[in-house]
Amino acid sequence: TLNLTPAGRDVLRNRKPITLTKPMEVVARNQKARAGAIECDEALFERLRSLRRKVADERNVPAYVIFSDVSLREMARNYPTTATEFRRIPGVGEQKLKDFAETFLSEIKNYLVGNPRRTFSSRLDLLRPPRGSRLNDSQTETLRRFQKGESVDQIARARGFVASTIYAHLLVAIERGKIADRDRFFTLREEKEIAAAFQQISDGRLVDVSALLGNKYDIVLLRIFRAFATRRQVNPS
């Protein structure tokens, strides 16, 4: 049975209008904002959206079941053309790789026949200027020795630290704009090799970059490379 509250009986008796509220779709809007924040090739993105709709209709499922907008934007940002590259796109697991790689890779390859690849800036969170500019006393001492020409190993031995601690001090100094010379850390060949690996890993996860490079570079060195790249994009001059 249904029970009416006094307010409900008043509505029925006096035929008062009822206003129904609709829950705010906060999650959906936030997801849309996150997807739209990913800079990509918009023309390719629209082609991939059309392809997604076609595949979804053929399978009689909602479009988001095939791929999210985030995944499509990452495809339109990174232009994967091989199964290995496609697998690195967020949202592409083993099953979707098996089911959709050939179809979507074909669309991307066809697009690239008549359109150049575009390059895009790094993620906004990587471009935020570091907080503050001062180093603590220990970091300052490491920087002083480094600027005098001492190597990381020499500084570590002199100060009684492990090398990773010294690298961590130098990383902070780079983020604060205290070190601009990359030559002390990387050769030109190493820079090109690491930069190419970062280009292939869409989300920039260091463990994935390291694996792609055969784990030949310590993670802290990859952090240092990324810090230099970020500083260069924030302050291109």
Inside the stretch 176-203, can you point out the residues that are surrounded by 16 or more Cβ atoms within 10 Å (Cβ to Cβ) and among the small types (G, A, S)? A197, S202
Of the numbered conditions (1) of a type in the set (D, E, K, R); (2) outside any loop (DSSP other than H, G, I, E, B); (3) at pLDDT below 90; (4) closer than 29 Å to A197 by Cα, D10 fails exactly one; give the number of that condition. (4)
Of the residues A229, A173, which is in a helix (DSSP H, G or I), among the aliphatic types (A, V, I, L, M) and either in the same structural domain as R145 (by TED's automatic domain parsing) or modelled with pLDDT of 85 or more (or both)? A173
Given (1) surrounded by fewer than 14 Cβ atoms within 10 Å (Cβ to Cβ); (2) modelled with pLDDT of 90 or more; (3) more than 24 Å from the chain's Cα centre (by Cα), index of the condition Q154 fails: (1)
If you check R159 against the conditions, is it of a type outside the set (S, T, Y), crowded, with 17+ Cβ neighbours inside 10 Å and more than 26 Å from L212 (Cα to Cα)? no
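The values are calculated or read from the model by the stated rules, or taken from the named source; none is laboratory data. All figures in this text were calculated on a predicted structure; none of them were measured in a lab. Quick reminder, even Gly has a Cβ in these numbers, built from the backbone with ideal geometry, and neighbours come from all protein chains shown.
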